[in-house]
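S.K.: One structure, pasted below without further comment.
The values are calculated or read from the model by the stated rules, or taken from the named source; none is laboratory data. Given the structure is predicted, the values throughout are model-derived calculations rather than measurements. Cβ atoms come from the backbone with ideal geometry, glycine included; neighbour counts cover every protein chain shown. With ligands, DNA and RNA removed, areas are computed over all heavy atoms of the protein, side chains included. Shrake-Rupley method; radii C 1.70, N 1.55, O 1.52, S 1.80 Å.
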Amino acid sequence: MRGRWLNRGTRWACLTGSAGAGSFTRPMATKNQMMRRAALLSVALATVLTGGAVPASGAEPAAPDSAAYRPAAPAADGTPSAPAPGGGAPTPGEPAPREPREPGETVEPGDAGSESGDSRGLDDPAAPDAPADPGAPGADTGDQPSLVRGDPREFGAQIFRGNAFDTCQAPSADTMRAWHGTSPFGAVGVYIGGRGRACPKQKHLSPDWVRTVDRQGWKLMPVYVGSQAPCVIAKNKRRFRMSDKDPYGQGKREGLDAVRQAEKLGMGRNSAVYLDMEAYRYKQRKCADTTLRFIQGWNSAVRAEGYVAGFYSSADFGIAHLEKARAAGARGLPSAVWFARWRTEPSVDGERNLDPEAWQPHRRIHQHTGNVKRTYGGHTVQIDQNLVDAPVAVVG
């Protein structure tokens, strides 16, 4: 992932040592669990009316109190711990508090209340698939625009909120162990496949590595670098340009391959997989249409296999293109977006090329810093840095 073509904004403020590793949010409660909670709430209300005391319930941690996002570290059972002292009103440009949730509860994959039930496909009602017919409404424009809103935990996704890094080569398990707890990161982006991947020969990435770092406490964000737009800007990506003959079909084939690569590594259903589409000149209409059709086909195939379709690109290029397509009524959009805008304050909610209400909640990642070397626990790695509030892989 590289965002060097964009953003000459404010100078980035170093986060080293100032941010927590983040928190991992499990899927939302089932209907039966919610009914039990309603019954308990009724009992609690009756207790108040009769002069008794009501025990405190779980709630979202307080908003961060500085420009460096500092979510509370998760407890051993996955329940967010208490926020750091000083938490209060959100800093301008930082993530606002979300609605309260019941911490620590889980919903198994396939039991998240989606209409798909026991079928293999994943149903994200906010992101219906685009038709295979390029002339049908919703293939490009024509449908009522969707904001792609709704908590992904409702269809079985697992959410990570906090700081993450990504790097071309997955670091060794020893490096990951040294970084866990000493770095501000709690999740890592790993490149699992695709013909456009810059580091196709991964020295460490394997099913054993995935299991090991998962046990260490890391969350994973799998990235697939497939075919690139016909008008891709980076010269080293032009040999991977997609065909304009059947981009939807090509996207479906590569989406299926992305799922197969995730499966081989032990990342199961309801895992997020992010398509990496490097910056492209989306104002060229033919190129934009071809690229959108490829993305729609890729998303369709990924969701059909029960995975969460995500999308990474530069904020001023690929992300701006998808926001324009969304506003025009295009279907088949990703369930989560990962945007690169460097040298700006980390914020999942402040991206100017996204409608503030779109891809919310828990559907955004901001890559705010790139190509920097960081050292923790005696191990140095060249990385990009991200602020995450989005779906991650489900391991095991």
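S.K.: Could you check how much of the accessible area of region 238-337 is carbon and sulfur, as a whole percent, using a 1.4 Å probe? Numbers along the way, then the final one.
M.R.: Numbers: 1500 of 3230 Å².
The computed percentage sits at 47.
S.K.: Can you pull the three principal axis extents for the Cα set of region 153-287, in Å, largest first?
M.R.: Projected onto the principal axes, the Cα atoms of region 153-287 cover 47, 33, 26 Å.
S.K.: Assuming R0 = 35 Å, can you tell me the calculated FRET efficiency for the pair residue 264 and residue 324, based on Cβ-Cβ distance, to the nearest 0.05?
M.R.: Working: r = 35 Å, r/R0 = 1.01.
E between residue 264 and residue 324, to the nearest 0.05, is 0.50.
S.K.: Specify, per residue and in Å³, the volume enclosed by the convex hull of the alpha carbon atoms belonging to region 157-233. Mind dumping the intermediate values first?
M.R.: Numbers: hull volume 9.2 nm³, N = 77.
Dividing the Cα hull volume of region 157-233 by its residues yields 119 Å³.
S.K.: While we're looking at this one, here's another question. Describe numerically, in nm with one decimal, the distance between label points set 7 Å from Cα along Cα→Cβ at residue 132 and at residue 235.
M.R.: 4.1
S.K.: Hey, another quick one. Rounded to a whole number, what is D in µm²/s for region 307-396 from Stokes-Einstein with the Kirkwood radius over alpha-carbon pairs (10 °C, 1.306 mPa s)? Kindly include the intermediate steps, with their values, before the conclusion.
M.R.: Working: Rh = 14.1 Å.
The calculation lands on 112 µm²/s.
S.K.: While we're looking at this one, here's another question. May I ask you to compute the full-extension gain from residue 245 to residue 203, defined as 0.36 nm times their residue separation minus their alpha-carbon distance, rounded to one decimal in nm? If you can, show how the numbers build up before the last one.
M.R.: Values: separation 42, 0.36 × 42 = 15.12 nm, distance 3.54 nm.
So the extension gain works out to 11.6 nm.
S.K.: Roughly how many percent of the accessible protein surface of region 138-181 is carbon and sulfur, given a 1.4 Å probe and a whole-percent answer?
M.R.: After summing per-atom areas, the C and S share lands at 44 percent.
S.K.: Send over a whole-number figure in Å² for the accessible area per residue of region 240-292, probe 1.4 Å.
M.R.: 44
S.K.: Turning to a different aspect of this structure: Please report how far the C-alpha centroid of region 258-325 lies from that of region 364-396, rounded to the nearest whole angstrom.
M.R.: 20
S.K.: Along Cα→Cβ, 7 Å out, is where each label goes; now give me the distance between the ones at residue 352 and residue 284 in nm to one decimal.
M.R.: 2.5
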